[in-house]
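Report on the following structure.
The values are calculated or read from the model by the stated rules, or taken from the named source; none is laboratory data. From a predicted model like this one, the values you see are computed outputs, not experimental measurements. Note that each Cβ is placed from the backbone with ideal geometry, even for glycine, and that neighbours are counted across all protein chains shown. Each accessible area value is taken on the protein alone, full model and side chains, heavy atoms only, with ligands, DNA and RNA left out. Shrake-Rupley method; radii C 1.70, N 1.55, O 1.52, S 1.80 Å.
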Amino acid sequence: MPQLRFYRAAIGSAAIALAASLSLTACGGDEPSSSGDAAPTTLTFGVQAAPNSMDPAQLHDGQQRYVWGAVYDTLIYSDNAGVLQPGAAKSWEFSPDARSLTLKLRDDMKFSDGDPVTSKAVKTSLERTMTTAGPQQSNLSAVASVDAPDDHTVVLGLSRPDPNLLVALSYGAGAIGDPDTINDARTALDPVGSGPYILDRSATVDGTKYVLKRRDDYWNVKAYPFKTVTVRVIPDRTALFNALLTKELDAGTTVDAAQSKQVESNGFTITRVEDVTTAGIVIADRAGQVAKPLANVKVRQAINHAFDRKKMLEALVSGKGRPTEQIFNKLSPAYDAELDNAYSFDPEKARNLLKEAGYPDGFSLTMPANVVVQPYQASITQALADIGIKVEWEPVPAQSSGQTTKWGMYFNVGSTAAPSRTTALYFGKSGSQNPFRYEDPKMNELLTKVAAETDATRAGEIYKEINNYATDNAWLAPFFSLETNWATKSGLEYRGTGSAVPDLRVFGVAGQ
């Protein structure tokens, strides 16, 4: 069975809080968890943003998944180690030419209204997402047809091989809605799903609090030990941290080492989670459309040699992470340990590379300044000035990441995602981190090669080639892979890794 690794996508707000802010924080709720030796049966989580909609075609895959992922099954799911596992589909198989995907469904699933989950429901859900404008539509862009030859078989016909399809089916794109109600207005707020929980509308306050009640008839109920889960929307992380200190919280993230020590002294266990996000510069204008010097590989390599990553890590994020010069992290099959020595801190070498590229006196360029880059801005300015590159910062709205053709390069705290997803985002022609739609013959050759590869091991080797090629050509200038810490009270465990998706299964009961 083909399996690919999945790594959570996350973008944060500032310094190490970038990694923590999009993580889940759990807090004491309306029904307090059991104490002492009794296993906790309730849990309340705090997130920073409410679900925009519970409509399957409008689902987002960030922290909003904590709510919709409890209500809906997806065809495939990503476990806490980041490995794709059977979900609603108990098995799947690509055709030899990777132009068809056959999924076999479980026969013991039911919607919360008691109706069985069949291939009709999957077909209806997928076709609706494919034809409805929304965040999941592009994830199914390679799907040309959906057939249901029997009640428990679904066959996807593809217009082209798509190496990201299995990952997409573990995203919101793979969520299964009830065909009888999916088009009703109620679906946006009170959907009928086949997941382990139902939304308790009587206790839910949209945009503020979402109360989930466990379905004891769910096919995989043992994976969900908490009978009641409340997801609260609490944007203020300081308030959440203070609540952790006062033991109003069952679990939560801590931003720095000092905070971790504080909560640990209060009886919490600290779990270190590595490689949650990757911070660095995206050198997007590789053809030199708005910043001509960036078309020269020596200039891009010089930029990489300008940064003292180790010193920046300690000064900017209290050492919570590790320096890196590649976009793929250690959890990815695309990761190559040798690449983390590709660009040593060497300003003299950087200046020589600029001279060889025809810029002995350096040059100037503009970068977007927003809340994400603010903690790093002074360091970036100084490091590039030291090799002769003058950066002028143009303020942009907080939600603007710089992913436009206005700026030749921009700072980003980005996804630790499956290699297929990371590749599509940064190197695919339509990727959000490739705003200039840059293409390269060698990279195109590798992308075509990996798209047609259905064996996960061989695909991993091709992704490693992609990683090497992009790093050698300095398409990016990563700084470090960030980590976060989880604090959990007695009786609870945090079981996720840097590759775990936002899902209730990251929490478990100790000893179970």
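Can you name every residue in the range 311-348 that is assigned to a helix (DSSP H, G or I) and more than 13 Å from Ala383 (Cα to Cα)? I'd like the intermediate steps shown before the answer.
Filtering the range 311-348 down to residues assigned to a helix (DSSP H, G or I) leaves 311-317, 337-341, 347-348.
Those that are assigned to a helix (DSSP H, G or I) and more than 13 Å from Ala383 (Cα to Cα): Leu313, Glu314, Ala315, Leu316, Val317, Ala337, Glu338, Leu339, Asp340, Asn341.
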Query raised in the report: Filter the range 287-299 for residues that are surrounded by 22 or more Cβ atoms within 10 Å (Cβ to Cβ) and out of contact with any Pro (no Cβ under 8 Å at 6 or more places or on another chain); which is nearest to Asp250 (Cα to Cα)?
Result: Leu294
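Just checking, which of Leu199, Leu212 is open to solvent by less than 10 Å² (accessible area, probe 1.4 Å) and either more than 30 Å from Thr454 (Cα to Cα) or not charged (D, E, K, R) (or both)?
Numbers: Leu199 fails: open to solvent by less than 10 Å² (accessible area, probe 1.4 Å).
Checking each option against the conditions leaves just Leu212.
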Report task. Check every one of the strands (runs of 3 or more DSSP E) wholly within the range 419-509 and list those with 3 or more residues that are farther than 20 Å from Gln289 by Cα and not acidic (Asp, Glu). Result -> 476-488, 507-509
Query raised in the report: For Glu394, all conditions in the list (1) surrounded by 14 or more Cβ atoms within 10 Å (Cβ to Cβ); (2) in a strand (DSSP E or B); (3) touching a Phe, Trp or Tyr at 6+ places or on another chain (Cβ under 9 Å) hold save one; what is the number of the exception?
Result: (1)
Query raised in the report: Does Ser170 count as in contact (Cβ under 8 Å) with a residue 60 or more places away in the chain and surrounded by 14 or more Cβ atoms within 10 Å (Cβ to Cβ)?
Result: yes
Query raised in the report: What are the residue pairs meeting all of these: first residue in the range 434-457, first residue among the polar types (S, T, N, Q), second residue part of a loop (DSSP other than H, G, I, E, B), Cβ atoms under 6 Å, and 6 or more apart or on different chains?
Result: Thr454/Pro2; Thr454/Ala98
**Report entry** Candidate set from the range 107-119 (those that are out of contact with any His (no Cβ under 8 Å at 6 or more places or on another chain) and outside any loop (DSSP other than H, G, I, E, B)); member that is least open to solvent (accessible area, probe 1.4 Å)
**Finding:** Pro116
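This table checks each residue for (1) among the basic types (Lys, Arg); (2) free of Cβ contacts under 8 Å to residues at least 12 places away in the same chain; (3) out of contact with any Asp or Glu (no Cβ under 7 Å at 6 or more places or on another chain); (4) over 19 Å from Thr124 (Cα atoms).
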{"position": "Thr74", "(1), (2), (3), (4)": "no, no, yes, no"}
{"position": "Ser95", "(1), (2), (3), (4)": "no, yes, yes, yes"}
{"position": "Leu103", "(1), (2), (3), (4)": "no, no, yes, no"}
{"position": "Arg106", "(1), (2), (3), (4)": "yes, no, yes, no"}
Query raised in the report: Only one of these conditions is not met by Ala121: (1) in contact with a strand residue (DSSP E or B) (Cβ under 7 Å, 6 or more places away or on another chain); (2) under 21 Å from Val146 (Cα atoms); (3) among the aliphatic types (A, V, I, L, M). Which number is it?
Result: (1)
Report summary line: Restricting attention to the range 348-371, the residues that are of a type in the set (A, V, I, L, M) and either open to solvent by 50 Å² or more (accessible area, probe 1.4 Å) or over 19 Å from Asp285 (Cβ atoms) (or both) number exactly 1
Query raised in the report: If we keep just the residues of the range 300-336 that are within 26 Å of the chain's Cα centre (by Cα) and open to solvent by 60 Å² or more (accessible area, probe 1.4 Å), which is nearest to Gly414 (Cα to Cα)?
Result: Lys330
Query - Cβ pairs under 6 Å, 6+ apart, first in the range 344-365 and under 20 Å from Phe479 (Cα atoms), second open to solvent by less than 50 Å² (accessible area, probe 1.4 Å) and among the hydroxyl-bearing types (Ser, Thr, Tyr) - result: none
Query raised in the report: If you scan the range 139-163, which residues turn out to be touching a Lys or Arg at 6+ places or on another chain (Cβ under 8 Å) and surrounded by 24 or more Cβ atoms within 10 Å (Cβ to Cβ)?
Result: Val154
Requested in this report: State whether one or more residues within the range 443-455 are under 17 Å from Val282 (Cβ atoms) and out of contact with any strand residue (DSSP E or B) (no Cβ under 7 Å at 6 or more places or on another chain).
Outcome: yes
Report summary line: Here the residues within the range 215-238 that are of a type outside the set (Asp, Glu) and open to solvent by 60 Å² or more (accessible area, probe 1.4 Å) are Trp219, Lys222, Lys227, Arg232, Pro235, Thr238
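Here is a check on your reading of the model: is Val282 of a type outside the set (Gly, Ala, Ser) and either under 30 Å from Leu199 (Cα atoms) or open to solvent by 40 Å² or more (accessible area, probe 1.4 Å) (or both)?
no
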Query raised in the report: Given the conditions (1) under 16 Å from Tyr66 (Cα atoms); (2) surrounded by 14 or more Cβ atoms within 10 Å (Cβ to Cβ), and given that Gln259 satisfies all but one, which numbered condition is not satisfied?
Result: (1)
Requested in this report: Would you confirm whether any residue within the range 372-383 is surrounded by 15 or more Cβ atoms within 10 Å (Cβ to Cβ) and either touching a Pro at 6+ places or on another chain (Cβ under 7 Å) or not in a helix (DSSP H, G or I) (or both)?
Outcome: yes
**Report entry** Residue that is least open to solvent (accessible area, probe 1.4 Å), among those in the range 53-106 that are modelled with pLDDT of 95 or more and of a type in the set (Asp, Glu)
**Finding:** Asp73
Query raised in the report: Gly431: at pLDDT below 90, closer than 20 Å to Gln326 by Cβ and not aromatic (Phe, Trp, Tyr), yes or no?
Result: yes
